[in-house]
Each structure stands twice: as structure tokens, then as C-alpha cells.
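J.: I'd like to ask you about the structure that follows.
The values are calculated or read from the model by the stated rules, or taken from the named source; none is laboratory data. What you are looking at is a predicted structure, and each value in this text was computed from that prediction instead of being measured. Methodologically, a virtual Cβ is constructed for each residue, glycine included, from the backbone with ideal geometry; neighbour enumeration extends over all protein chains shown.
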Amino acid sequence: MELIPVVDLMQGQAVLARGGRRGEYRPLRTSLCPSSDPLAVIESFLARYPFETLYLADLDAILKQGDNGIIIERIRCRFPGLTLWLDRGWPPHPTSPGLVPVIGSESLTRDWHRHLSRLPNPWILSLDFSAERFLGPEDLLHCPHAWPEKVIVMSLSRVGESSGPDWERLRRLTRRFPAIDWIAAGGIRNPADLAELEGLNVRRALVATALHQGTLPPSNERTTFIPEGGS
């Protein structure tokens with residue numbers, strides 16, 4: 001199991017994600033890192049956990065309210081050894097070494113076929129859900145041939161809520177499409193959740209709140225931990 005830390009960016013700061021209610025997101029300050037400076041948050045993760053991949057969500061770009069391009073470039077310069085998974089809505093950030101675009105279904109429109117078919121590899125698809133509702137073109141859910149190798153199941157209503165993963169949806173998707181490299185996101189609380197995800201053949205997880213709360217240890221017998229954040 002690989003844990004991938006998440007840092008949500010809004011107006012130049014790292015913010016605390018809560019249930020996908022982005023109007024309620026506030027600057028991040030926790031016992032792990034008392035600063036909302038994104039670089040300080042990443043430094044705090046690195047000081048306690050060895051990881052190689054970082055997930056960045058540029059919420060301003062996703063919401064079409066500006067972007068955090070300057071901060072992202074600072075992160076790339078400060079941490080050149082990290083692979084960055086970057087969700088900035090549509091269009092994606094140009095690909096470059098060490099940067100993998102994440103395409104969230106919530107940012108796609110009806111002509112998604114034309115857009116996704118032109119993306120160079122590698123890229124990652126995020127299937128975004130709010131409670132029981134799929135966020136994106138409905139037909140995308142029924143076209144796995146258009147999906148990349150790695151797909152995130154993003155349960156936005158569970159992000160930051162410590163309510164546990166969306167087990168029913170994860171079981172359904174992993175059983176139906178076992179060849180996909182599935183990544184869980186939203187609600188992960190503790191090592192028991194990670195063990196159950198492994199049982200579903202989920203190899204990676206995006207995490208943040210559990211790391212900030214200290215309910216995920218740096219490592220255990222079953223898991224190699226790679227820090228994480230919110231979304």
C-alpha cells in the first residue's frame with residue numbers, strides 16, 4: 001500500500017478540506033504543521049514520512065477563479081525529487097518530467113471523448129463523487145476503455161470527515177474492473193482501513209486528515225507510508 005499525501009491549494013495557501021464544501025475550506029493549521037504555507041506543510045510531511053509522490057489540487061483553477069501556478073512552481077523547485085500528481089481542472093497542466101496530470105470527472109463536459117483521447121501518457125483519471133451523485137458526464141462511468149491505467153475513486157463528501165472510505169462503491173468498481181490500478185480517496189482513517197483496501201486490491205490511497213491527526217503511523221508491517229493530504 002502506497003500512501004500519497006494531498007495538499008489542497010487555494011489563494012496561495014494550503015487549506016483544510018471538509019466534505020467537498022469548498023466554500024467552507026479554511027487555511028490549514030494542525031499539530032503536524034501550524035502553518036498554511038504549502039511548502040511548510042510538505043516539509044512537515046517529509047520530516048516524518050518518506051514519500052516520493054505528492055498530490056496537489058489547485059482548487060482555484062478547478063473552480064475557474066484563478067490559479068496557484070506560482071506556488072506550484074515553487075514546490076517543483078524546492079522538491080525536485082518528488083513526482084507531482086496535479087489536478088487543476090481542465091485544461092490540464094502541460095506534461096513535463098516529474099509532473100503527472102490528474103483529470104477530475106467534475107471538470108469534464110459532454111465532449112470528453114475528444115479531450116481525453118488527445119492526452120499524452122501518463123495521466124490519471126479521478127472519478128469524482130459527492131455522496132451518491134457522480135460529478136461528471138454520466139457516460140464516462142460506462143466507458144472503461146477510455147480510462148488510463150490509474151483511476152482514483154474520489155469520494156468528496158468523505159474528505160476530511162474521518163467517516164471511512166466509500167466501501168460499497170469501491171467494492172463494486174474493483175470487482176467490475178479488476179485490471180485497473182485503483183486509488184482510494186476520501187475518509188481513510190487508520191491502518192485497519194488500509195488493510196481492508198488492500199483486500200480489495202487497492203494499491204494506493206490519497207490521505208491527509210489522518211496524517212495530520214496522527215492516526216496513521218509512519219509505517220507498519222503491512223504498509224509503506226507515503227504522506228498525504230486532503231482534497
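J.: Name the single residue, out of those in the range 168-197 being touching a Lys or Arg at 6+ places or on another chain (Cβ under 6 Å) and in a loop (DSSP other than H, G, I, E, B), that is nearest to SER107 (Cα to Cα).
T.: GLY186
J.: Here's something else I'd like to know. Kindly indicate the residue of the range 72-85 that is over 14 Å from GLU43 (Cβ atoms) and among the β-branched types (Val, Ile, Thr) and also surrounded by the most Cβ atoms within 10 Å (Cβ to Cβ) among those meeting that condition.
T.: ILE72
J.: Search the range 155-200 for residues being polar (S, T, N, Q) and touching a strand residue (DSSP E or B) at 6+ places or on another chain (Cβ under 7 Å), and hand back the single one that is farthest from PRO34 (Cα to Cα).
T.: Looking at the filtered set, the residue picked out is THR174.
J.: State yes or no: is ARG110 without any contact (Cβ under 8 Å) to a residue 24 or more places away in the chain and under 22 Å from LYS64 (Cα atoms)?
T.: Judged against the criteria, ARG110 is not a match.
J.: Suppose we filter THR53, THR83 for residues that are among the hydroxyl-bearing types (Ser, Thr, Tyr) and in contact (Cβ under 8 Å) with a residue 60 or more places away in the chain; which single one remains?
T.: After applying the criteria, what remains is THR53.
J.: Now for a separate question. Going through the range 1-39 one residue at a time, which ones are out of contact with any strand residue (DSSP E or B) (no Cβ under 6 Å at 6 or more places or on another chain), in contact (Cβ under 8 Å) with a residue 24 or more places away in the chain and either outside any strand (DSSP E or B) or at positive phi (or both)?
T.: Across the range 1-39, the qualifying residues are MET1, GLN11, GLY12, ARG18, GLY19, ARG22, THR30, SER31, LEU32, CYS33, ASP37, LEU39.
J.: Tell me, which residue of the range 78-108 that is at pLDDT 90 or above and among the hydroxyl-bearing types (Ser, Thr, Tyr) is nearest to GLY187 (Cα to Cα)?
T.: Per the criteria, the residue is SER105.
J.: Please verify whether LEU56 is modelled with pLDDT of 95 or more and either under 26 Å from LEU125 (Cβ atoms) or touching a His at 6+ places or on another chain (Cβ under 8 Å) (or both), treating the condition exactly as stated.
T.: Judged against the criteria, LEU56 is a match.
J.: Now a separate question. Regarding SER117, is this residue touching a helix residue (DSSP H, G or I) at 6+ places or on another chain (Cβ under 8 Å), modelled with pLDDT of 95 or more and closer than 22 Å to HIS142 by Cα?
T.: No: the conditions fail for SER117.
J.: Does VAL159 meet the test of being at pLDDT 95 or above, within 23 Å of ARG21 (Cα to Cα) and of a type in the set (Val, Ile, Thr)?
T.: In short, no.
J.: So how many residues does the range 45-61 have that are buried (at least 21 other Cβ atoms within 10 Å of the Cβ) and among the small types (Gly, Ala, Ser)?
T.: 2
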